[in-house]
1. Report the antiparallel proportion of the DSSP beta bridges in the range 34-320 as a percent, rounded to a multiple of 5.
2. In whole Å, how far is the Cα centre of the range 240-270 from that of the range 407-486?
3. Hey, quick one: spin label on ASN408, modelled 7 Å out along Cα-Cβ, who in the range 275-305 has an amide N within reach, i.e. under 13 Å?
4. Could you order peptides 388-400, 79-91 by the average number of other Cβ atoms within 10 Å of their residues, highest first?
5. Between GLU377 and LYS163, what is 0.36 nm times their sequence separation minus the Cα-Cα distance? Round to one decimal in nm.
6. Report relative contact order for the range 34-320 in percent, whole number only (criteria: Cα-Cα under 8 Å, sequence separation at least 6).
7. Per residue, how much accessible area does the chain have with a 1.4 Å probe, in Å²?
8. To the nearest 0.05, how large is the calculated FRET efficiency for GLN156 and SER485 if R₀ is 45 Å and r is the Cβ-Cβ distance?
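The values are calculated or read from the model by the stated rules, or taken from the named source; none is laboratory data. Given the structure is predicted, the values throughout are model-derived calculations rather than measurements. Here Cβ is always computed from backbone atoms with ideal geometry, including for glycine, and neighbour counts include all displayed protein chains. The area values use the complete protein model at the heavy-atom level, side chains included, leaving out ligands, DNA and RNA. Shrake-Rupley method; radii C 1.70, N 1.55, O 1.52, S 1.80 Å.
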Amino acid sequence: MGRRIATAALLLFGLNALKGVVALDNGLAITPQMGWNTWNSFGCSLNETVILDAAEKLVSLGFKDLGYEYVVLDDCWSAGRNASGYLVPDPAKFPNGIDGLAEKIHALGLKIGIYSSAGTMTCARYAGSLGYEEKDAALWASWGIDYLKYDNCYNQGQEGTPKLSYDRYNAMGQALNKTGRPILYSLCNWGVDGPWNFASTIANSWRTSGDLLNTWDRDDANCPCSELEGLDCKTPGYKCSILNVINKAVYYPSKAFPGAWNDLDMLQVGNGGLTDDEAVAHMSLWAAFKSPLLMTNVLSNIDPPTLSILQNPAVLAVSQDPVGSSVNRIWRYYVDDVDANGYGEIQLFSGGLAGGDQLVLLLNAGSKDRTMNATLEDIFWEDGPGGTASQVQQSWDVYDLWANRMSNETAAAIINAANSTGSAAPAAPINMTALGGAKHVYSQVPPSDSKALMGTKVGSVQPSGTVKAFVKAHGVAMLRLRQQSQKKDEL
């Protein structure tokens, strides 16, 4: 049962009356969670060495300083259940146990996550947690677990209505609460039964669609649901493209709020399959939609372009913005130029940020570079007639959040320093620690002259005017608008 289960689990249960935690109000994921997960790169080949190497790289490469704090073990970590019904870690993969691994992760200033399924087996056919919710939750709490990713495989047919899915996932939510330990609860039921309608009452995040593949826009029989079926998708599948996932997520952005987030699945940045422009667009859209940002690339083999995408603090500041509001899709048009699948479209997304700023994304999913534009009336459409009229009559400065992207030379120097004993890494884009830590920095409205958090000012738009940007094929322009009359405090 683990080296401390006999005493720690009993203590945790005994303290429950004094330290009860409500899933929705557990103080976690006030902004979307950030970290790294084993699955996309390692699958069932995870072990203590793999995970500790990734954790150390989160620190040495500067990811921890930017807010990436969770190290999540995915499937295949257990060796089944013992005679008492408790899960046992695979001793070959984890010779020091999960509790021993957790101690090392915590010593690095990071947090540790684990995986199970709300079924009799996990997706890789290891022991699941259906019917064992309280035993598993108590065990994980005794190990010092901070995060649970909870999948949907082998669920014994206990789905098909929101009530069935709610009851099955709520059982684990209640079990986690009983431990008295705040554990971030991440539902992974692929959007089945519309979790955006019920999961916010029991969890910190919920998957909205099938598993994301590292491809931009490709039809796949394994991802059978079209975007028009996104609100009632009974077979969400897997191998879903970035545009497929986004074009489903546009229907329920308002369901998320601080502490409870729509999860568009883990990041595929750095896993191959995407061009640089597509990877930038992927990162931009996930941040703008307030999806959790869980990296899945091999950090020991990271290249400079990947580092510079994942470490853009201006984009991370959007993800972690204290308002916690997703962008909304304002319009979508089809264009003549198409990609290999025969699709071609452009879209406008817009949403509010702290301090009255406005986020604008111009997405070019066509096969040709183009200049795109959006009127202020469109950008502020979600504010309603009265609000829109007020905003449209203002003058706005326009900042490009990718214009100050870290150079490949600087990124390469950071990577080399992390891989070299005794070498000092070059200065990061912004020293979060010196400014009070990532949580503090992101909770503040960035000053206009902070290129790290604001990008670069690229122009302005006058009342009733139009925002314009050159957008590459399969790319995005990510812009932050700020009223010219506003004054911002320095960090």
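1. Close to 15 percent.
2. So the two Cα centres are separated by 23 Å.
3. 276-277, 303-305
4. Values: 388-400: 18.0, 79-91: 14.3.
So the order, starting with the most tightly packed, is 388-400, 79-91.
5. Details: separation 214, 0.36 × 214 = 77.04 nm, distance 4.07 nm.
Taking GLU377 through LYS163 to full extension adds about 73.0 nm, to one decimal.
6. Details: 584 pairs, mean separation 43.6, N = 287.
Relative CO of the range 34-320 lands at 15 percent.
7. Details: 18560 Å² over 491 residues.
On a per-residue basis, the chain sits at 38 Å².
8. Details: r = 60 Å, r/R0 = 1.33.
Step by step, r from the Cβ atoms, then E = 0.15.
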